[in-house]
């Protein structure tokens, strides 16, 4: 039996421009989990029916030479990242927190990252995206705003932020459910859609226009830090 060749996504012989690097690069530079890379490389040369996700233990049980392919396989980084996203969602939160903390450095708080991981990893395809998504947790005040975030905070938005800040400061139950109910009630009073409140809140709390759910962000930051960030940007 011969293992089939691996080509690039364009069908040409695999080279560095396709991503033909050492396994350490996929871990360190691209944020790919070992189990995802194992699964992907396994499926390039062997298959078991239509199954895409196969663990190492399952592969040991299921492997047979009949499943080895004959035609060259194509290495597709997007498919690898999609598979990696599956393994991120399945991975232990504390383990991922330790991996992300190592990427962040001294500012990282593993306990906070572990608590945040369920919402950080849900849409991520690699550890780089998880790390980028966690940046707001450790940002120092006053936050540096991205250009898009700054555009959201016009005069009207800052006035709205002041009202949000005052209302949330009076909330005794600092849970995502209670904070969402309070914010929705304020939106109704102001005759605004929830998005008109959530967008400037996200900009003020994270400095960006993308983040986990805004009420999860409030809880993860904690009352004192969240209110301080809102106050920094409120009119």
Going residue by residue through the range 10-27, is there one that turns out to be at pLDDT 85 or above, surrounded by 14 or more Cβ atoms within 10 Å (Cβ to Cβ) and under 26 Å from residue 104 (Cβ atoms)? yes
In the range 99-140, what residues are assigned to a loop (DSSP other than H, G, I, E, B) and either touching a helix residue (DSSP H, G or I) at 6+ places or on another chain (Cβ under 6 Å) or within 21 Å of residue 81 (Cβ to Cβ) (or both)? 107, 108, 121, 122, 123, 124, 125, 126
Criterion violated by residue 92 - all others in (1) touching a helix residue (DSSP H, G or I) at 6+ places or on another chain (Cβ under 6 Å); (2) surrounded by fewer than 20 Cβ atoms within 10 Å (Cβ to Cβ); (3) more than 22 Å from residue 215 (Cβ to Cβ) satisfied: (1)
Count of residues meeting criterion [touching a helix residue (DSSP H, G or I) at 6+ places or on another chain (Cβ under 9 Å) and either without any contact (Cβ under 8 Å) to a residue 60 or more places away in the chain or not assigned by TED's automatic domain parsing to the domain that holds residue 205 (or both)] in the range 157-166: 3
Filter result for residue 44 (crowded, with 17+ Cβ neighbours inside 10 Å, modelled with pLDDT under 95 and assigned to a helix (DSSP H, G or I)): yes
Could you list, in sequence order, all residues of the range 185-197 that are surrounded by fewer than 21 Cβ atoms within 10 Å (Cβ to Cβ) and within 21 Å of residue 119 (Cα to Cα)? 194, 195
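With respect to residue 5, determine if the residue is surrounded by fewer than 16 Cβ atoms within 10 Å (Cβ to Cβ), at pLDDT below 95 and over 24 Å from residue 121 (Cα atoms). Break it down into steps so the answer makes sense when it comes.
Working: surrounded by fewer than 16 Cβ atoms within 10 Å (Cβ to Cβ): yes; at pLDDT below 95: yes; over 24 Å from residue 121 (Cα atoms): yes.
So residue 5 passes the test.
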State whether the residues of the range 224-232 include one that is surrounded by 15 or more Cβ atoms within 10 Å (Cβ to Cβ) and under 21 Å from residue 122 (Cα atoms). no
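The values are calculated or read from the model by the stated rules, or taken from the named source; none is laboratory data. Since we're looking at a predicted model, the values are computed, not measured. Ideal geometry is used to build each Cβ from the backbone, glycine not excepted, and the neighbour counts take in all protein chains shown.
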